[in-house]
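**Q** Quick one: structure below, then a few questions.
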Amino acid sequence: MPLHTRLPILLVAVGAIAACSRQETATAPSDPASSVAFAAVENIIDPNTLTPAPPPGAECHADGNWIICHTALSFAPVNEASDELPCGVVYQTGTDERRGIRWYTSDGLLAKRFVSQDAELTWSLSATGADPLLTLSVHSNWRNLYAVPGDESTGPQVTHGNGLTIRQAGEGVIVQLAGLEEADGTHHGVARFFDDPAVAAELCAALTP
């Protein structure tokens, strides 16, 4: 299994679509500035008409031969059970921000997507988040190009950047997944993950009071 699939992916998005009055939708305004706004509203696409539909809150509009959707995620766990190590369940607290863009064909079928992620978290063996703590950071992006538009199974993921770094204060890096991971799972760069028993042991030593 590619390493990037082991990292949790949570999709939460927020957005809003402006509405026009009955009079505005009946005829285009004569003022040039108003005409631009009118055209922008006319280009809005209902995300639920797309295949597959983007995450809730996506903002979608027609742009030439494409339908483009912008998505956003804001995730803020507080002492939430995350992964499990030999020494017990780890609880994480922090923020995870993601921004995405999707390109759909004029027929409404997903053709490609790009997502960037920035996360800063802490890990603890305590359900209350007590010390000792480890810090986690993620600054990466990934993309999918779908051989069959609309079929997500035909778009393997390519990931680039700092996929995960876990540090102990004053002791340095324990876990690091960084570089380029190709669609077939081949990784180029640093791959020191906690599925390695020796790395998991280091994490447990750092987290145990």
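The values are calculated or read from the model by the stated rules, or taken from the named source; none is laboratory data. Quick caveat: nothing in here was measured; it's all calculated off a predicted structure. Virtual Cβ from ideal backbone geometry, glycine too; neighbours counted across all protein chains shown.
**Q** Restricting to the stretch 83-97, give me the number of residues that are within 27 Å of Pro52 (Cβ to Cβ) and in contact (Cβ under 8 Å) with a residue 40 or more places away in the chain.
**A** Looking only at that region, the number is 1.
**Q** How do the strands (runs of 3 or more DSSP E) wholly within the stretch 104-209 filter down when requiring 1 or more residues that are under 30 Å from Asn48 (Cβ atoms) and without any contact (Cβ under 8 Å) to a residue 60 or more places away in the chain: which remain?
**A** Filter on the stretch 104-209 gives 110-124, 134-145, 157-168.
**Q** Keeping to the stretch 73-98, report how many residues are over 20 Å from the mean Cα position of the chain (by Cα) and over 15 Å from Ala130 (Cβ atoms).
**A** Selection size over the stretch 73-98: 3.
**Q** Just to verify a result, which residue in the stretch 39-89, among those that are touching a Cys at 6+ places or on another chain (Cβ under 9 Å) and small (Gly, Ala, Ser), is surrounded by the fewest Cβ atoms within 10 Å (Cβ to Cβ)?
**A** Gly88
**Q** Right, something else. Would you call Ala169 of a type in the set (A, V, I, L, M), under 26 Å from Pro86 (Cβ atoms) and either surrounded by 15 or more Cβ atoms within 10 Å (Cβ to Cβ) or at pLDDT below 95 (or both)?
**A** Answer is yes for this residue.
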